[in-house]
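Beneath this line is the structure, given in structure tokens, with notes to follow.
Readers should treat all values here as calculations from the given coordinates under stated rules, not as data from a laboratory. Nothing here was measured: the structure is a model prediction, and the numbers come from that model. Note: ideal-geometry Cβ built from the backbone for every residue, glycine included; neighbour counts use all protein chains shown.
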Amino acid sequence: MDKLFLDIGRGLSLSIKLIAAGYLLYISRTGNRKSALILALAWLSAALSIVFDIVGIPELNSIFEALFASLLFYGILRVSEEEAFYPLIQEFYYAASVPFIMTLYLIGIINLGDTSEWMASIGLPYGLSGLYIFLAGILTLSLSRIYHKKAMLLAISLMLYGIHDMDYPLLRPVPWFAPIGFILGALFTFMVSYSVIQFVSTERFQELLRRKETQKIEIEKGVLIINEDMYKQIKESLRDFEVLAFLRDISDVPEKWEAYFITHVTGKDVKTISPTNLPKMAELANRYLRATAAIDQQGVIVIDCLEYLIMYNSFESIVKFLSSLRDFVILYNGSLIIITNPSAWNKKEWALLKRLLE
């Protein structure tokens, strides 16, 4: 009966992983997401791990399980990079806990008195792989700001899968638990495979190719300083493009724009940034331009609040901020559109702005 349960668990895991790998390969060929190809390779590695477990080559079993964890973690990082429109860097802080967690983990294993060859070649690699799968789940949590419930489901599935892999060195040698462990493995494999298919099937994940094929922004690269009337015309021409905008007027913001309301007041339904937080605006601009350049698109940044910013920052700070944005735009072949009126500045300030930006 135990052998039957083991075979059922292995068979289910292998089938699910191959289906997930095939679907991800399809997405990688029909879309423009390198992350989908990496995740497909991760699931192929996971399938090979099961194959080598079935045929009885434990070293290759653990090597491909570790490769699965590495590719999975890398694939989630690539998704984060592709979505660099959003500030995700803080999630990398969790990776700093790896040495400490692994030290505690190894000490626990050693104190159990198991120093066998199986533990060194199979058990511990599985445990380390499980930790990185768990960390991939933690990283995926940050994507819930973009993918909402689909990312949350994937994150929870990965964390459960990772925890189950981490208990492998402790519970796999226990005869009565081995069949249960394989069934749980099959269940968590199904959860992860189902959730990753749901994740990559979202319109957001697959729209990158459509953006690359259809978005042709006919706007001058570099810095454009324009008035309100010109802005109204340009806004209409950019309505269907993903523009990064720092605005005071949020009454008619195009749906596809990533707009930040510059204000001291925080809101639940609107993304806000304090007018004194110039570094955050610069960071968002840098990430956005890197992301658009990575898919061969022209990034466009709009600022309609320069007069408001000068109320809370020195002119020197504003000049340094705009100079940084100008450098980012030049480096990544983007456009920076600044809406302002010359009458809002004295002659010396206006001349300096024009000279530094144009």
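Summary table below
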quantity	calculated
Fewest-first ranking of 292, 263, using other Cβ atoms within 10 Å as the exposure measure	263, 292
Highest average packing first - 183-191, 53-61, Cβ atoms within 10 Å	183-191, 53-61
Karplus-derived HN-Hα couplings along the stretch 63-80 (A = 6.51, B = -1.76, C = 1.60, θ = phi - 60°), whole Hz, x at Gly and Pro	5, 6, 5, 5, 5, 4, 4, 5, 5, 4, 4, 5, x, 5, 4, 5, 4, 4
Stretchable slack from residue 331 to residue 258, in nm (0.36 nm times residue separation minus alpha-carbon distance)	24.2 nm
HN-Hα J in Hz across the stretch 12-27 - Karplus 6.51, -1.76, 1.60, θ = phi - 60°, x for Gly and Pro	4, 4, 4, 5, 5, 5, 5, 4, 4, 4, x, 5, 5, 5, 4, 5
Cβ-derived FRET efficiency at R0 30 Å, residue 201 paired with residue 240, nearest 0.05	0.85
Amide H partners (placed H, <5 Å) of residue 256, local residues excluded	none
Hull-based mean projected area of the stretch 215-357, where the convex hull spans the alpha carbons, in square nanometres	8.2
Rg over Rh [alpha-carbon atoms, Kirkwood Rh] for the stretch 2-66	1.07
Distance (nanometres) between label positions extended 7 Å along Cα→Cβ at residue 149 and residue 251	3.6
Two-site label geometry, residue 54 and residue 15: point separation in nm, points 7 Å out along Cα→Cβ	1.1
Per-residue HN-Hα couplings for the stretch 145-150 [Karplus 6.51, -1.76, 1.60; θ = phi - 60°; Hz; x = Gly/Pro]	5, 10, 9, 6, 5, 5
Cα gyration tensor, the stretch 281-358 - rounded (a/c under 1.5), prolate or oblate	prolate
Amide H contacts under 5 Å for residue 222, placed H, 5+ residues apart	334, 335, 336
